[in-house]
Amino acid sequence: MIRAAIISPLALAACDTGSSPEAGVLPEYRGAETRMLDPTILAVAVEMSGPVAEADITAYARCVAARATREQDAGFARHLRTNLQEKGGVWSADAVYTISPSLPRGVAPIDAEVELATCAENGIPTV
């Protein structure tokens, strides 16, 4: 399943993603894609530009992963890995998560409902 979103800078005017906008320039969420690698492994790819910190792009990936987890009727995810890249002012993240209907073992499981609420509070898109 592929999801994409392009959010205009005006739509982000009220958002706080954790970065420090320089001279009124806000980060731009350039889109996201998700795909299931198998029934329990979710791949997420996201892009951002503007004043972006690593925490911003990884938060965007988590938000997209939380939405995709709910769409798969699973309640939880567990982060496996994220590769980050910056090229020409565009940041990209390629992340992989396991998803499951019950709380997974391991470090820092993600409760999809809680994560989606946090994303909404911070104005981070989930698709």
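Points to keep in mind about this one:
- In sequence order, calculated HN-Hα J values of the range 47-53 (Karplus, 6.51, -1.76, 1.60; Hz; x Gly/Pro): 9, 9, 9, x, x, 10, 9
- Neighbour-count order for Thr126, Thr40, Thr34, fewest beta carbons within 10 angstrom listed first: Thr40, Thr126, Thr34
- Considering all C-alpha pairs of the range 31-100, those separated by over 17 Å amount to 35%.
- Projected over every direction and averaged, the convex hull enclosing the alpha-carbon atoms of the range 74-127 yields 4.5 nm².
- Put in order of Cβ neighbour count within 10 Å, fewest first, the listed residues Arg70, Arg62 become Arg70, Arg62.
Read-outs: derived from the displayed coordinates by stated rules, not from any lab. For clarity, every value in this text was computed on a predicted model and none was experimentally measured. In this analysis, Cβ positions are derived from the backbone assuming ideal geometry, glycine residues included, and neighbour counts consider all displayed protein chains.
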